[in-house]
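Heads up, the thing below is written out as structure tokens.
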Amino acid sequence: MNISKQELLEKLSENNGIGYVELDGLLHEIRLVNGNQIAFTGACWKWTQTEMPSAHGDYNVLTDVLIEEDLMIPGFPTHDYYEFHETVHDFS
């Protein structure tokens, strides 16, 4: 969902102060602090393509999986709108 910074603050407040924003293809966990400030937790995820065995193990399937990356805390960018997700599972 593409939302403004004010809407982002409201969504974080409604979601117990936690949420996720997508920046440059990475999903970053954010938290609402002091009521009106947004902070990165450092946790981030990205989609990676991988091969996995089929249910019977007789062939491999190419699939996308969401992989947690090393901790990274970027500076929060100033945009007019942000791509917000309430959970990691909403990121697709």
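Worth pointing out:
- Some residue of the stretch 56-63 being open to solvent by 50 Å² or more (accessible area, probe 1.4 Å), hydrophobic (A, V, I, L, M, F, W, C) and either modelled with pLDDT of 90 or more or in contact with a helix residue (DSSP H, G or I) (Cβ under 7 Å, 6 or more places away or on another chain) (or both): yes
- The set of residues in the stretch 6-35 being among the basic types (Lys, Arg) and either assigned to a strand (DSSP E or B) or over 24 Å from Leu71 (Cα atoms) (or both) consists of Arg31 alone.
- Out of Lys46, Lys11, sole residue that is in contact (Cβ under 8 Å) with a residue 60 or more places away in the chain and surrounded by 13 or more Cβ atoms within 10 Å (Cβ to Cβ): Lys11
- Of all the residues in the stretch 16-43, those that are modelled with pLDDT of 90 or more and loosely packed, with under 12 Cβ neighbours inside 10 Å number 2.
- Close pairs from the stretch 56-67: first without any contact (Cβ under 8 Å) to a residue 40 or more places away in the chain, partner in a loop (DSSP other than H, G, I, E, B) and surrounded by 10 or more Cβ atoms within 10 Å (Cβ to Cβ), Cβ under 8 Å, at least 6 apart: Leu66/Phe91
- When Ile3 is tested against the conditions (1) in a strand (DSSP E or B); (2) under 23 Å from Leu71 (Cα atoms); (3) open to solvent by less than 40 Å² (accessible area, probe 1.4 Å); (4) not aromatic (Phe, Trp, Tyr), the lone failure is (2).
The values are calculated or read from the model by the stated rules, or taken from the named source; none is laboratory data. In this text the structure is predicted, and so the values were computed from the model without any measurement. Here Cβ is always computed from backbone atoms with ideal geometry, including for glycine, and neighbour counts include all displayed protein chains. Accessible surface areas use protein heavy atoms only, side chains included; no ligands, DNA or RNA. Shrake-Rupley method; radii C 1.70, N 1.55, O 1.52, S 1.80 Å.
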